[in-house]
Amino acid sequence: MTLALIVAGAALVLLVGQSLRATVQATAETRMQQLIDRVEGNYEGSSNENAREAIRVLANTPDDLVQVLVRYESDDDEDDVTVIEGGSDAAGRSQPLSSLWPQDGQRVVLPKTEVMRADGSRVPAVLVAAGTVSAGNHVAIYVALPLTSVQTATDTVLFYLLFGVPILILVTGLTTYYFAGRALRPVEAIRARVAAMSEKDLAQRVPVPGARDEVGRLAETMNAMIGRLQDAQGVQRRFVADASHELRSPLATIATGLELMQRGPTDPGTVTALRGETERLNRLVDALLLLARADERGLQPRREEVDLDEVAESERGRPSDSRVVAEVHAEPVRVIGDRGQLARVVRNLVDNARRHARSRVIVTVTREESTAVIEVSDDGPGVPAEDRGRVFERFVRLDSARARADGGSGLGLAIVAEVVAAHGGSVTVDDAPGGGARFRVRLPATLPQEPLAEGTPAAPWRPVAPVPSTAHAQRPVRDEDAKRDPETRPWGIPAVSGGEETSPWGTPGVPLTDPNGLPVPRQWRGGSGVADDQRGSIIR
């Protein structure tokens, strides 16, 4: 930085000196032309008078260094005589300003030389010498302009560069440091406050300066971000607290039942209660794992063609603790997604509607242009308008559904929202036409297949060999490189690797699905105890 300033200062000094010297030289040449014109005019009729007249008219300042020399030719063989016929007061007539003798019409310029004044002092000057003719005699004219003003200006510039510029730089640096520090003081206050905050201090906010500038907007943005972090932390803490509370109840029941079984004979009612609590605990853990997976990397469903009408029809005969039977009205609609996850969406919505319906639950599947629409309506009390955004949050129970006796955990609708969002759709709730709540799911639908032209013979039917129950082959998946969630059965219950499972009562080798992949009711499998279809389900 310093070296650059030195080089720039030296260049400035040279530039100023050359500019002023060029100006002085131009002035000297202009003065020379005026003298030549005056001498050649021959106003007095003789060379010496012309020289004196030109000096008298044109050299009228005390600092003018002007001389006019005339060379007279002798008639005999003697040398020519050169006489200083005219000279300004500063130049005098005792000796010539230069030894140059330019020829007629010639002009010589010496940008920097020394000339002697009449008082004997020598000064640096720009000298211009020119030759001409006056009254038949050869004349030499000298014009010298001192460079004293140029030297003075150069010295002044150099002085300011050597002393003024460092002082200016120092003052500018101090001023910049002061005002920059003052301007960045709010930023430092924001940084210090954020650096001192911990996960327990998210209720604090950074100071917002009064000026509505970039720093003020930065502080507001920082406060908004801290607010979002605080909200996320609150959601996480509530989630952990609610999950702990939900897990505590079935665990306490199981522990009590085991203690009773250890003390005496086993009561069938106790075994039944323990099985119910175990199933409830299993469903809760499964829901928590699904939501945790969604928070960690998002649900990444399989990409396969799914007939939504078939998924909805499976709800028609699915048994439930509720006496309300679901009415299904579905038209053929096909989407791309995960069959198990979509079946879980429909199942959760139907179970939720059954718990609140008085006598009727209606499931409809329709197509609206390129969108598949699933609607689940009930004739219950409905969802208040102010709570329609909350019902899809985790562990949220409205005042009319706070009892846990019905097996609900408050995660069913949260899972619906996560799965639908992973499939690129949306879910909303409003009032049903006949009263109650209507949940509407919208998903991107595939293009309908073109119908066969009239007269085109259909492909002959051929029997398909049933798939062994130990295979459980998956449908072809379109994006084989995608990460996938664990395989789920049509009703959304997680599957276990292998074609056979051990029932909760220890009955091994009982297939849980038929050759077409549909669930087999518990009463067809054998065993005893409470059937799977009679278990509790998730509520909002």
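The values are calculated or read from the model by the stated rules, or taken from the named source; none is laboratory data. Worth saying up front: this structure is predicted, and the values here are computed from it rather than measured. Every residue, glycine among them, receives a Cβ derived from its backbone with ideal geometry; neighbour counts consider all protein chains shown. Ligands, DNA and RNA are excluded from the accessible area calculation, which covers all protein heavy atoms including side chains. Shrake-Rupley method; radii C 1.70, N 1.55, O 1.52, S 1.80 Å.
What to note about this one:
- Taken over region 319-331, residues that are farther than 19 Å from Leu443 by Cα and surrounded by fewer than 18 Cβ atoms within 10 Å (Cβ to Cβ) amount to 6.
- The set of residues in region 333-351 that are under 15 Å from Glu375 (Cα atoms), in contact with a Lys or Arg (Cβ under 9 Å, 6 or more places away or on another chain) and in contact (Cβ under 8 Å) with a residue 60 or more places away in the chain comprises Val333, Ala343, Arg347, Asn348.
- Restricting attention to region 353-385, the residues being in a strand (DSSP E or B), touching a Lys or Arg at 6+ places or on another chain (Cβ under 6 Å) and open to solvent by 10 Å² or more (accessible area, probe 1.4 Å) number 3.
- Looking across region 117-136 at every residue that is closer than 20 Å to Met32 by Cβ and of a type in the set (Ser, Thr, Tyr), the one that is surrounded by the fewest Cβ atoms within 10 Å (Cβ to Cβ) is identified as Thr132.
- Scanning region 69-76 finds one or more residues that are touching a residue at least 12 places away in the same chain (Cβ under 8 Å) and β-branched (Val, Ile, Thr).
- Among the residues here, Gly216 qualifies as more than 30 Å from Lys112 (Cα to Cα), assigned to a helix (DSSP H, G or I) and in contact with a Gly (Cβ under 8 Å, 6 or more places away or on another chain).
- Among the residues of region 114-152, those that are of a type in the set (Ser, Thr, Tyr) and within 28 Å of Glu40 (Cβ to Cβ) comprise Thr132, Ser134, Tyr142.
- Strands (runs of 3 or more DSSP E) (entirely within region 303-351) containing at least 3 residues that are among the charged types (D, E, K, R): 304-307
- Checking the stated criteria, Val171 turns out not to satisfy the condition of being farther than 24 Å from Val285 by Cβ, aliphatic (A, V, I, L, M), in a helix (DSSP H, G or I) and within 26 Å of the chain's Cα centre (by Cα).
- Residue check, Arg107 touching a strand residue (DSSP E or B) at 6+ places or on another chain (Cβ under 9 Å), surrounded by fewer than 18 Cβ atoms within 10 Å (Cβ to Cβ) and at negative phi: yes
- Criterion applied to Arg228, Arg237 was being modelled with pLDDT of 80 or more, under 30 Å from Val285 (Cα atoms) and either surrounded by fewer than 16 Cβ atoms within 10 Å (Cβ to Cβ) or within 23 Å of the chain's Cα centre (by Cα) (or both), and the one residue passing it is Arg228.
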